[in-house]
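The values are calculated or read from the model by the stated rules, or taken from the named source; none is laboratory data. Quick caveat: nothing in here was measured; it's all calculated off a predicted structure. Don't worry about glycine lacking a Cβ; one is built from the backbone with ideal geometry, like all the others, and counts go over all protein chains shown.
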Amino acid sequence: MLNLDPYLLRAFISVAEVGTVNGAALSLHRTQAAVSMQIRKLEGLVGSDLFERSPKGLTLTADGLLLVPYAREILTLTDEVGKRLNGRQIEGRIRLGVVEDFAATRLIDILRDFRDKNARVDIDILVDSNARLAAMLENDELDIAVCDTSRCSRKPVHVWNEYLHWVGRTDIEFMPDMPLPVIMFVESCPWRGPAMATLATRNRNWRIVCEASTLVAMATAVRVGIGIGPMIAATIPEGCRALDRSIDMPGSARVDIGLYVRSGAREESRFLVDFVLRQVELGHA
């Protein structure tokens, strides 16, 4: 019978998220030697290596990746049993920063379900630019951040791969001999570069007719019919459609959105991160 000690599993999950034993030790308030010993003990119990070691840090092996969702579930059940037996609920306050495109789509259902189960946890939600969110996380002004991975120096605990599609009003038409009217993100946005790169994939002239600084601005400009703009699928507004399947339209651009947690974050923040990751692993996010 395999007995997996939650104490060892917490060390394993922390190392998997942070990518280094030293970083995990700081997060867990333990010594580096203690965390290293716990990982070696867990690997001995399961009979295989869970991490590949390199000068850049640790990465999960195939067996490590397999263990992650089970470890999270075991830890969640352990925590919930303990709280029920002790008559205690998670409580506190979380400072959450989210890029606008995710605040308006993916996170709504997750946060609703989390609040339904954890009514004593208050959540401050800040919607801002990718650069601003990354800076606030680095300065410990946020507990959790969801932003573009190109703007954050630390390792995300999860990455969503999204695609920017060129979107226009359903009835919009383009003359073949006229430049494409393009609605573009402002220069400070990390998605501007990938979006503009797709314009070079088609032998067609284009010009920027509008710059949008927010999702609301982009959606408004597209719905008005000013031109076509890059948007992730979940944010395409009513009355509009993705155009990049057309042979003479530019293709989609990939952007990576990371879920980050502050080092040394409090219990309620870690609980929300684990909740989000479980939803991802269950295919609900």
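Per-structure values
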item: Strands (runs of 3 or more DSSP E) fully within the stretch 69-184 counting 1 or more residues that are among the polar types (S, T, N, Q); result: 158-169
item: Qualifying strands (runs of 3 or more DSSP E) (wholly inside the stretch 187-285; at least 1 residues being outside the structural domain of residue 167 (by TED's automatic domain parsing), closer than 20 Å to residue 101 by Cα and small (Gly, Ala, Ser)); result: 253-261
item: Residue within the stretch 44-52 that is in contact with a strand residue (DSSP E or B) (Cβ under 9 Å, 6 or more places away or on another chain) and in a strand (DSSP E or B) present; result: yes
item: Residues satisfying the stated conditions in the stretch 99-131, i.e. free of Cβ contacts under 8 Å to residues at least 12 places away in the same chain and crowded, with 17+ Cβ neighbours inside 10 Å; result: none
item: The listed residue being of a type outside the set (D, E, K, R) and either closer than 19 Å to residue 273 by Cα or within 12 Å of the chain's Cα centre (by Cα) (or both), out of 158, 165; result: 158
item: Of the criteria (1) charged (D, E, K, R); (2) under 20 Å from residue 107 (Cβ atoms); (3) without any contact (Cβ under 8 Å) to a residue 12 or more places away in the chain, which one residue 173 fails; result: (2)
item: Test set (1) modelled with pLDDT under 95; (2) closer than 24 Å to residue 253 by Cβ - residue 183 fails condition number; result: (1)
